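A short write-up of the structure that comes next.
All of the numbers you see were taken from the coordinates with simple rules; none came from a lab. Since the model is a prediction, treat every value here as computed from it, not as a measurement.
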Amino acid sequence: MRLLVLALALLAGAKVWYQDTLFRAGAEEALVAAYRARAIEACQKEPHRSPRGDNLTSFPPDWAHPVTIELSAGNRSARVNLWDVDNPRWNVRFRNPHLLLAPGDRHAGLFCAFDVVTGEAELQRL
């Protein structure tokens, strides 16, 4: 009997994990599809200067055809501590969804982070 209960508990856990995985994948696809055009437009308007200060005007990144677009919860480059909940940028750092666009090999390590909630874009380097 214990073996049957253990098997049913494992099956229930596997079902919950599978449903959560499907939901997260679908939500990511929907957010990327909904905000892709806005993210590309905002990244193209961003000044062509890398976070290190390099001028990118001679070979500007092609944000219209990004190699990858990923969804991230929060912007890791925002300088906010976890315990600093009164900081006005706390949501930007830990809560707001961001689309991360990577332009390709010519600009390896460079990406544009688009905040879905505020509509702001920011160039960042890994």
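Using Cα springs under 10 Å in a Gaussian network model of the chain, which residue among L99, L82, L11 shows the largest mean-square fluctuation? Of L99, L82, L11, the most mobile in the Gaussian network model is L11. Shown in residue order for the stretch 87-99 are the 3J(HN,Hα) couplings computed by the Karplus curve 6.51 cos²θ - 1.76 cosθ + 1.60 at θ = phi - 60°: 5, x, 9, 4, 4, 4, 6, 10, 10, 5, x, 10, 9 Hz (x for Gly and Pro).
Quote to one decimal, in nm, the extra length available between A25 and A64 on full extension: 0.36 nm per residue of separation minus the C-alpha distance between them.
Details: separation 39, 0.36 × 39 = 14.04 nm, distance 2.34 nm.
Residue separation times 0.36 nm, minus the Cα-Cα distance, leaves 11.7 nm.
Select from V16, V80, V92 the residue whose mean-square fluctuation is largest in a Gaussian network model of the chain (Cα-Cα springs shorter than 10 Å). For the chain, modelled as a Gaussian network with Cα springs under 10 Å, the answer is V16. In order along the stretch 16-26, phi translates into HN-Hα couplings of 5, 4, 5, 5, 5, 4, 5, 4, 5, 5, x Hz, rounded to whole numbers, per the Karplus curve 6.51 cos²θ - 1.76 cosθ + 1.60 with θ = phi - 60° and x for Gly and Pro. Of R89, R38, R24, the residue with the greatest mean-square motion in the GNM of the chain, using alpha carbon springs below 10 Å, is R24.
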